[in-house]
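Below: one structure, written as structure tokens.
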Amino acid sequence: MNRFRSYLAFGAVMLCASAAPGAQSDNPNPTCPVSPNWAANQVMTLTPIDRSDQRVLLAEGMITAGLANRLRDALQSDDRISEIWLRSPGGDAYAGNEAGRMLRSEFPGIVTRIPSGWACFSACNFVFMGGMVRIVEPEGQFMVHMFTHTGNRDVIRQEVEAGTENTVELIGEIEQSSAQLATEDNDFLIRMGVSRRLLREVMYATQAVGDGETRRCLTQDEAYEYNVANVRE
């Protein structure tokens, strides 16, 4: 397995909606809050509850391998669930991608929602976009960050210090993995009906690493412009 696979697994993209009015913004990333509201659970919890006149599934915490199966079990065991509400710092992008594809193919009527004040970050975006109907409430946070394995600077420094051959090998692995990652992102967006302009104009316009802007939080209008969200309330 590629030595960088573990880094890739923590999200090709981190998707979050702009900072709530009055919230402290992140200076290097002025469209985003300093402290997004995502759950700290190390494994995403799936909790069915009644809210008003509907049954919803609260999905909160880190996305890890096996989430697709756990989501399938939760939805099959309670056919009253009509929506999934997401609050997550992300996690395993491959697990998120798998969960999103599963939702679209097996539960096409499910609604995915980012409630006001909650943040859907990193691999969470794949799960969210698996909903046929997608809602980002005002002050819901949908954060975009082009995340790659190059974010681990210690690994890069170690390879460079080891000499030319190591550096050449490192660059080759980065190029190969990045190309594969871009292809998978593009394919997922097409399948989910999200505009590919999101990749070109937002995701790939941010920095992967560095002291400049590495995150950008979409406004409500941007979320609908790119068809990330497709129903307004």
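Here, each number is a calculation from the coordinates, and none is a lab measurement. The model shown is predicted, which means the values in this text are computed figures rather than measured ones. Reconstructed Cβ throughout: ideal geometry from the backbone, glycine too, with neighbour counts over all protein chains shown.
Say a paramagnetic label sat at a point 7 Å from the Cα of residue 78, along Cα to Cβ; which residues of the stretch 28-60 have their backbone N under 14 Å from it? 45-60, by backbone N distance to the label point. Between the amide H of residue 91 and those of 63, 123, 124, distances stay under 5 Å, these residues lying 5 or more places away or on another chain, with hydrogens modeled in the peptide plane. Quick check: net charge around residue 61, other residues with Cβ under 14 Å of its Cβ, Lys/Arg +1 and Asp/Glu -1? Net local charge, residue 61 excluded: 0. Close amide H contacts of residue 229 (hydrogens built in the peptide plane, cut-off under 5 Å, sequence separation of 5 or more or a different chain): 224. For a paramagnetic label modelled on residue 227 (point 7 Å from Cα along Cα→Cβ), amide N atoms under 11 Å away are absent within the stretch 101-125.
Working note: Karplus 6.51/-1.76/1.60 with θ = phi - 60° gives the stretch 116-131 the couplings 3, x, 8, 10, 10, 10, 6, 4, 4, 4, 5, 5, 4, 6, x, x Hz, where Gly and Pro are set to x.
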